[in-house]
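J.: One structure, as structure tokens, below. Some questions next.
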Amino acid sequence: MPGYNTHRIFNYVIFAAIVALAWYESINPKQLMALGIGFYIGTNFLTPDLDTESTAIKRWGRLKIFFLPYKWLFTHRQSSHNIVYGAVVRILYISLIMLVLYYVLFKSFPSGTVFFSVYILLFLIGIITANALHVLLDAIF
């Protein structure tokens, strides 16, 4: 089973190839940045290993308490390591926590602020791609 640093190095090598291809194809730098930020978060913070005492969960510091229900609901290497489903569940889980915290702080949900752009889509694709690479590396070793 590859360790945390092996996963990170593997992901960053693949991402470097993606950046090189994007540079060659003259992709919009802002779009590439949105993808890169999502990829970074997916590699370092929203990994499939959040259901264990991994380096990724320790990176959350005291906020790792928010992942206790996640750890209780999902067993390691089961649904958390599904190539798409696992990442989507983690994205929805952290989004739900953020919405609840927003509601607790401001006693309402933002009105009329629902928006969707290509940057959000690329950000989410970055997270899902980083998670997919993690799962693929686990399958290889």
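Taken together, the values in this text are just the output of simple stated rules run on the coordinates, not laboratory data. Nothing here was measured: the structure is a model prediction, and the numbers come from that model. Don't worry about glycine lacking a Cβ; one is built from the backbone with ideal geometry, like all the others, and counts go over all protein chains shown.
J.: Starting from the Cα of Lys64, draw a straight line to each of the aspartates and glutamates and keep only those under 16 Å, dropping any in the same chain fewer than 8 residues away.
T.: Correct list for Lys64: Asp49, Asp51, Glu53.
J.: Based on DSSP H assignment, which helices of the chain show an axial Cα extent of at least 18 Å together with a mean Kyte-Doolittle hydropathy greater than or equal to 1.6? Show your work: numbers first, answer last.
T.: Numbers: long enough: 4-24 (30 Å, 0.87); 29-44 (22 Å, 0.46); 85-106 (31 Å, 2.04); 118-140 (32 Å, 2.14).
Passing helices, by number: 85-106, 118-140.
J.: Pop out the ³J(HN,Hα) list for the range 55-66 in order, Karplus 6.51 cos²θ - 1.76 cosθ + 1.60 with θ = phi - 60°, rounded to Hz; leave Gly and Pro as x.
T.: Once rounded to whole Hz, the list reads 4, 4, 5, 5, 5, 6, x, 5, 6, 5, 4, 5.
J.: If a/c stays under 1.5 just call it rounded; otherwise compare a/b with b/c (prolate if a/b is bigger, oblate if not). Do that for the range 4-140, with a ≥ b ≥ c from the square roots of the Cα gyration tensor eigenvalues.
T.: oblate
J.: Roughly how many nanometres apart are two label points built 7 Å out from the Cα toward the Cβ at Phe106 and Ile140?
T.: 4.3
J.: How far, in nm, would the chain grow between Ile120 and Glu53 when pulled straight, counting 0.36 nm per residue and subtracting the alpha carbon separation? Mind dumping the intermediate values first?
T.: Numbers: separation 67, 0.36 × 67 = 24.12 nm, distance 2.93 nm.
Result: 21.2 nm gained on full extension.
J.: Reachable lysines from Lys58, Cα under 24 Å, same-chain residues fewer than 8 places away excluded?
T.: Lys71
J.: Then there's this: Which of Ile41, Ile65, Ile120 has the fewest other C-beta atoms within 10 Å, and how do the rest follow up to the most? Mind showing how you got there, number by number?
T.: Numbers: Ile41 17, Ile65 9, Ile120 12.
Ranked by crowding around the Cβ, least crowded first: Ile65, Ile120, Ile41.
J.: Could you compute the FRET efficiency for Asn5 and Ile83, with r as their C-beta to C-beta distance and R0 at 22 Å, rounded to 0.05?
T.: FRET efficiency, Asn5 to Ile83: 0.55.
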